[in-house]
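All remarks here apply to the structure that follows.
The numbers here are math on the coordinates, done by the rules we state, and not lab data. Only a predicted model underlies this, so the values are computations on that prediction, with no experimental measurement involved. Please note: Cβ atoms are built from the backbone with ideal geometry, for glycine as well, and neighbour counts cover all protein chains shown.
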Amino acid sequence: PGEFKVARLDSVPPNLDPTSVSLLLPKKGKSTAFVEPTVNNGACILFAGRDVEDDPILTSNPVTLQNLTMDSIVECFPLLEGSVGTTDIIQQLKTQCSASASSVKCNTYHYDCAVLCGDAAHATGGVSGNGLNSALLDAIVLSQCLESNFDTQNKALSIQSSLLSYSQKQVPEGLALYDLAFGSTGELTL
């Protein structure tokens with residue numbers, strides 16, 4: 001949950017590994033930066049944070065944005081020093097309004113014969129690294145519930161019972177993942 005802006009670069013900043021996603025914590029300001037390599041050796045930077053009105057990058061304050069320079073970005077994120085196409089980065093950030101991201105806590109992971117698994121049921125924000133693991137665990141638990149509740153005499157009831165059992169087992173897990181990723185108050189924790 002929070003605010004974000006995205007900037008595209010022609011190349012991965014020279015201080016970062018061009019083969020991996022990098023999380024940059026700020027030296028100044030309230031935003032974090034995720035730098036992800038893209039095709040043709042390019043990169044995408046996701047600047048994200050909460051309560052960012054006085055953050056030099058995510059603010060919507062026109063005076064603060066007018067003063068945004070690559071030097072002020074490097075002051076927040078020193079590892080971005082030496083990035084190519086800095087004028088374009090500044091222009092992208094100045095012309096974007098911060099977008100809002102939110103999360104939802106589900107109290108059930110099924111409805112009728114439809115089921116939610118993975119990020120659809122419990123997005124973890126990416127910081128905790130649990131997205132794929134929890135999606136695989138959901139699939140395993142769902143298959144176990146389907147197997148243990150299967151009744152050849154009443155297939156509709158067995159599906160209903162299986163999905164209820166899945167929700168009862170995985171909703172507490174999903175809420176725990178949410179708290180791990182965002183804190184019990186819904187704030188991103190690092």
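Can you tell me how much longer the chain between residue 168 and residue 154 gets when fully stretched, taken as 0.36 nm per residue apart minus their C-alpha distance, in nm with one decimal?
So the chain would gain 2.9 nm between residue 168 and residue 154.
Give me the net charge for the shell around residue 142: Cβ to Cβ below 13 angstrom, other residues only, Lys and Arg +1, Asp and Glu -1.
Combined, the nearby Lys, Arg, Asp and Glu give -2.
Need the list of aspartates and glutamates near residue 30 for cross-linking: C-alpha distance under 20 angstrom, and skip anything on the same chain fewer than eight residues off.
Partners within reach: 3, 51, 53, 54, 55, 71, 75, 81, 187.
Residue 9's amide H: which non-local residues (gap 5+, or another chain) put their own amide H closer than 5 Å, with H modeled 1.01 Å from N in plane and none for Pro or chain starts?
43, 44, 45
Under the rule of at least 5 residues apart or a separate chain, name every residue whose amide H is placed under 5 Å from the amide H of residue 77.
Under 5 Å from the amide H of residue 77 lie the amide H atoms of 27, each far enough along the sequence or on another chain.
Report the net charge of residues surrounding residue 64, where surrounding means a beta-carbon distance below 10 angstrom and charges are Lys +1, Arg +1, Asp -1, Glu -1.
Neighbour charge sum, excluding residue 64 itself: -3.
Excluding residue 76 itself, calculate the net charge of residues whose Cβ lies under 9 Å from the Cβ of residue 76, where each Lys or Arg counts +1 and each Asp or Glu counts -1.
Around residue 76, the charge tally is 0.
For residue 155, give me every one of the aspartates and glutamates with a C-alpha distance below 20 angstrom, ignoring sequence neighbours fewer than eight places off in its own chain.
Those aspartates and glutamates meeting the cut-off are 112, 147.
Mind checking the dipole of the chain: about its Cα centre, +1 per Lys or Arg Cβ, -1 per Asp or Glu Cβ, Debye to the nearest 20?
Computed charge dipole of the chain: roughly 140 debye.
What value, in deg cm²/dmol to 500, does the helix sum -39500 (n - 2.57) over DSSP H runs of n ≥ 4 give at 222 nm once divided by the residues of the chain?
-12000 deg cm²/dmol
Can you grab the distance from the C-alpha centre of region 1-25 to the C-alpha centre of region 102-162, Å, no decimals?
Spelled out, the Cα-based centre of one part sits 32 Å from the other.
Apply the a/c threshold of 1.5 to the C-alpha gyration tensor of the chain and tell me whether it is rounded, prolate or oblate.
Because a/c hits 1.5 or more and a/b exceeds b/c, the chain counts as prolate.
Using the Karplus curve 6.51 cos²θ - 1.76 cosθ + 1.60 with θ = phi - 60°, what ³J(HN,Hα) values do you get for each residue of region 20-32, in whole Hz, with x for Gly and Pro?
With coefficients 6.51, -1.76 and 1.60, one gets 9, 7, 10, 9, 10, 8, x, 7, 8, x, 10, 9, 10 Hz.
How would region 38-104 be classified by its alpha-carbon gyration tensor: rounded, prolate or oblate, with rounded meaning a/c under 1.5 and the a/b versus b/c comparison settling the rest?
oblate
In nm, to one decimal, how far is the modelled label at residue 147 from the one at residue 23, with both set 7 Å along Cα→Cβ?
So the two model labels end up 3.4 nm from each other.
Below 21 Å, Cα to Cα, which lysines can residue 28 reach? Residues fewer than 8 away in the same chain don't count.
Those lysines meeting the cut-off are 5, 94.
Residue by residue through region 41-52, what is 3J(HN,Hα) from phi via Karplus (6.51 cos²θ - 1.76 cosθ + 1.60, θ = phi - 60°)? Round to whole Hz and write x for glycine and proline.
6, x, 8, 10, 10, 9, 8, 9, x, 10, 6, 9
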